[in-house]
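Trainee: Next up is a structure, given as structure tokens.
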Amino acid sequence: MVEYLFEPIDGLFKLALTLILLAVIILLSRYRKLDIEEELIVATVRGFMQLMFLALILTFIFESHLVLVLVVYGVMILMAGYTSSKRAKKLKAPLELTTTSILVGAGITLIIMILTGIIPLRMEFLIPLGGMVIGNSMINCSLALDRLGSDIQSNRNKIEAALSLGATSEQASLPQVRAAVRASLIPTIDNLKTLGIILIPGTMTGLLIAGADPIWAASYQLIIFFMILCAGSITIITATYLAQQKLFSKKHQLIDIN
Amino acid sequence: MTSHTHIVMDRVSKHLRGRTVLNNISFSLPAGKIMAVIGPSGSGKSTLLRTINRLIEIDSGTIFIYHTSIKKQNPIRIRRKIGLVAQTPAMFEGTVLENIRYGLDLQNKYSKQAVLKALRDAELTTEFLYRKASNLSVGEQQRVAIARALALEPEILLLDEPTAALDSKITRRFEATIKHLKDVRGLTIVWVTHDLAQARRVGDYVGILKRGKLEQFGPASKIFPAATKDHDKAKRGGCCKW
């Protein structure tokens, strides 16, 4: 176990010190009439409250039974599904679609990682890593459905032309699905490509600060990236497949989504 | 080959977003004939066309093709027998060849002969084959769209204002091509247009659609009697006011 760099009380004291710096920025903004004071104050108070609330919950969860992790994952997936569904308004029953996709993508990945022991069965690993995987799957899902919805709408005539030539709905919308999958995975792939060159990613930074061995920190960061990529890919494939089923009738007709 | 091919609509209705787009439409089009459907925009012409190849599902009534209700036929198979050419040609990514062979590839039936025959019938030369489809003029793209449909050897052709974006000279050439195709291939054609003069030039049968209702349908000679051949007279005669 790594030694804590901060004692809790000492930590709060240091937090107060950074707030002084923030106060200086607010004064500076006022002096220069930049008009960002209100937003800075609101954001700071909100961020402080939210993170402290999370810390309290985590303190409680870390000491609870492991079964609670399922409840937490359930809430996370529902919230992620709800957020993502706002991007897929054009589809029928979007909440059901996004929640299912994230559940499948993040669920399969997390189960494999837990069963193989890559994620230790300990709350302090299960909760943050689960959140990371579910959160990224949510972003992938939103990007894919947003792109698919608008591409299908703007390419109705091409899809209709393909259907008229005897293509199935899957064949007719393949170019749009392909574009949606690529577009939604590009941020994750680009992150993976530039890993360690442009930025030292969060987990590795955290582990290094906590005094972990750099090789171990790098390996763990890579595992997390692969987890995010796998979960995201499965989510996107599921979401685009389900969206195709909603956008077309069983008779291979493009449903009017206007 | 096509003696049995004809299209029958029997009391067909379609509602979209609370509006009646097609209202109790009935007609019977004999095989190997061109039916010109005319009417103002929003009268339901495009919807009517798309119900025939089942891109749009009707709410009531029956559409018969080959004497069988289309609801009893596989939509994919039926679309392979019915070519559709839209107002704005929708070109797929890639070359003219890739566009023309698209439908053939779906059925694993690609052959160079089929592509060349379709290309010739659409009055395009082989030098077009390797050109990027999206770089062609609208008139050329419209011919590629025709060739793409012809490659599947359809028995019915649905044309949705195919000359709307073309100038008058190219329009006349296009009309001649289609009439020639009707003769050599024995195609049955439904041709949607908002141009009365064009309907008179191409239609063996004419249907007049207004607010979703087929107000008149019959042989062109009856809809456009000889005395009212002139465009203005036809309008004064009251057959086609909009």
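Trainee: B:I70: at pLDDT 95 or above, more than 8 Å from chain A (Cβ to nearest Cβ) and under 20 Å from the mean Cα position of the chain (by Cα), yes or no?
Mentor: No.
Trainee: Let me ask something else about it. So which of A:A179, A:A167 is within 14 Å of chain B (Cβ to nearest Cβ), in contact with a helix residue (DSSP H, G or I) (Cβ under 7 Å, 6 or more places away or on another chain) and either free of Cβ contacts under 8 Å to residues at least 12 places away in the same chain or in a loop (DSSP other than H, G, I, E, B) (or both)?
Mentor: A:A167
Trainee: Confirm whether A:D190 is in a helix (DSSP H, G or I), loosely packed, with under 14 Cβ neighbours inside 10 Å and more than 14 Å from chain B (Cβ to nearest Cβ).
Mentor: yes
Trainee: What are the residues in the range B:190-217 that are small (G, A, S) and either closer than 14 Å to B:L48 by Cβ or assigned to a helix (DSSP H, G or I) (or both), if any?
Mentor: Within the range B:190-217, B:A197, B:A199, B:G207, B:G212 qualify.
Trainee: Would you say B:R148 is closer than 22 Å to A:T168 by Cα, open to solvent by 20 Å² or more (accessible area, probe 1.4 Å), in contact with a Phe, Trp or Tyr (Cβ under 7 Å, 6 or more places away or on another chain) and within 12 Å of chain A (Cβ to nearest Cβ)?
Mentor: no
Trainee: Checking the condition open to solvent by 20 Å² or more (accessible area, probe 1.4 Å), away from chain A (no Cβ under 14 Å) and part of a strand (DSSP E or B), which residue from B:F64, B:F27 passes?
Mentor: None of the other options fit; the residue is B:F64.
Trainee: Within the bounds of the range B:96-105, is there any residue that is within 14 Å of chain A (Cβ to nearest Cβ), open to solvent by 10 Å² or more (accessible area, probe 1.4 Å) and in a loop (DSSP other than H, G, I, E, B)?
Mentor: No, the range B:96-105 contains no residue that is within 14 Å of chain A (Cβ to nearest Cβ), open to solvent by 10 Å² or more (accessible area, probe 1.4 Å) and in a loop (DSSP other than H, G, I, E, B).
Trainee: Report the residue count in the range B:151-179 for those that are away from every other protein chain (no Cβ under 11 Å), assigned to a loop (DSSP other than H, G, I, E, B) and without any contact (Cβ under 8 Å) to a residue 60 or more places away in the chain.
Mentor: 4
Trainee: How many residues does the range A:200-216 hold that are within 17 Å of A:L229 (Cβ to Cβ) and not in a loop (DSSP other than H, G, I, E, B)?
Mentor: Residues meeting the conditions: 3.
Trainee: I'm checking my understanding of the structure. Among residues of the range B:84-95 that are within 7 Å of another protein chain (Cβ to nearest Cβ) and closer than 24 Å to B:D167 by Cβ, which one is most open to solvent (accessible area, probe 1.4 Å)?
Mentor: B:T88
Trainee: Taking the condition in the same structural domain as A:F225 (by TED's automatic domain parsing), within 30 Å of B:E153 (Cα to Cα) and open to solvent by 10 Å² or more (accessible area, probe 1.4 Å), does A:L199 pass?
Mentor: In short, no.
Trainee: For the range B:189-201, what are the residues that are open to solvent by less than 10 Å² (accessible area, probe 1.4 Å) and either out of contact with any strand residue (DSSP E or B) (no Cβ under 9 Å at 6 or more places or on another chain) or modelled with pLDDT of 95 or more (or both)?
Mentor: Residues satisfying the conditions are B:I189, B:V190, B:W191, B:V192.
Trainee: Pairs under 7 Å by beta carbon, first residue closer than 13 Å to A:L121 by Cβ and of a type outside the set (K, R) in the range A:47-73, partner at pLDDT 85 or above and assigned to a loop (DSSP other than H, G, I, E, B), six or more apart or different chains?
Mentor: Filtered contacts from the range A:47-73: A:L66/A:L121.
Trainee: Moving on to the next point. Given the residues B:R80, B:R54, which is the only one that is within 11 Å of chain A (Cβ to nearest Cβ), under 13 Å from A:L165 (Cα atoms) and open to solvent by 30 Å² or more (accessible area, probe 1.4 Å)?
Mentor: Testing whether each residue is within 11 Å of chain A (Cβ to nearest Cβ), under 13 Å from A:L165 (Cα atoms) and open to solvent by 30 Å² or more (accessible area, probe 1.4 Å) leaves just B:R80.
Trainee: Separate question: Taking the range B:171-183 as the search range and keeping residues that are of a type in the set (A, V, I, L, M) and at pLDDT 90 or above, which one is surrounded by the fewest Cβ atoms within 10 Å (Cβ to Cβ)?
Mentor: For the range B:171-183, the residue satisfying everything is B:A176.
Trainee: Could you grab the pairs with beta carbons closer than 7 Å, sequence gap of 6+ or different chains, first residue in the range A:228-247 and of a type in the set (K, R), second one modelled with pLDDT under 95 and open to solvent by 10 Å² or more (accessible area, probe 1.4 Å)?
Mentor: Final answer for the pair search is A:K246/A:L91; A:K246/A:K92.
Trainee: A:S184 - would you say it is in a helix (DSSP H, G or I), closer than 30 Å to B:G94 by Cβ and of a type outside the set (K, R)?
Mentor: In short, yes.
Trainee: Does the range A:46-87 hold any residues that are surrounded by 15 or more Cβ atoms within 10 Å (Cβ to Cβ) and of a type in the set (S, T, N, Q), and which are they?
Mentor: Listed by number, the residues that qualify are A:T83, A:S84, A:S85.
Trainee: Just one of (1) open to solvent by 20 Å² or more (accessible area, probe 1.4 Å); (2) over 20 Å from the mean Cα position of the chain (by Cα) trips up A:R147, so point out which.
Mentor: Going through the list (1) open to solvent by 20 Å² or more (accessible area, probe 1.4 Å); (2) over 20 Å from the mean Cα position of the chain (by Cα), A:R147 breaks only (2).
Trainee: Which numbered condition in (1) away from chain A (no Cβ under 11 Å); (2) open to solvent by 10 Å² or more (accessible area, probe 1.4 Å); (3) over 18 Å from B:T163 (Cβ atoms) is the only one that B:A118 fails?
Mentor: Failed condition: (2).
Trainee: Is there a residue being polar (S, T, N, Q) and without any contact (Cβ under 8 Å) to a residue 12 or more places away in the chain anywhere in the range B:34-41?
Mentor: The answer is no; no qualifying residue exists.
The values are calculated or read from the model by the stated rules, or taken from the named source; none is laboratory data. This structure is a prediction, so every number in the text was calculated from the model and none was measured. No Cβ is skipped: glycine too gets one built from the backbone with ideal geometry, and neighbour counts run over all protein chains shown. Heavy atoms of the whole protein, side chains included, go into the accessibility calculation; ligands, DNA and RNA do not. Shrake-Rupley method; radii C 1.70, N 1.55, O 1.52, S 1.80 Å.
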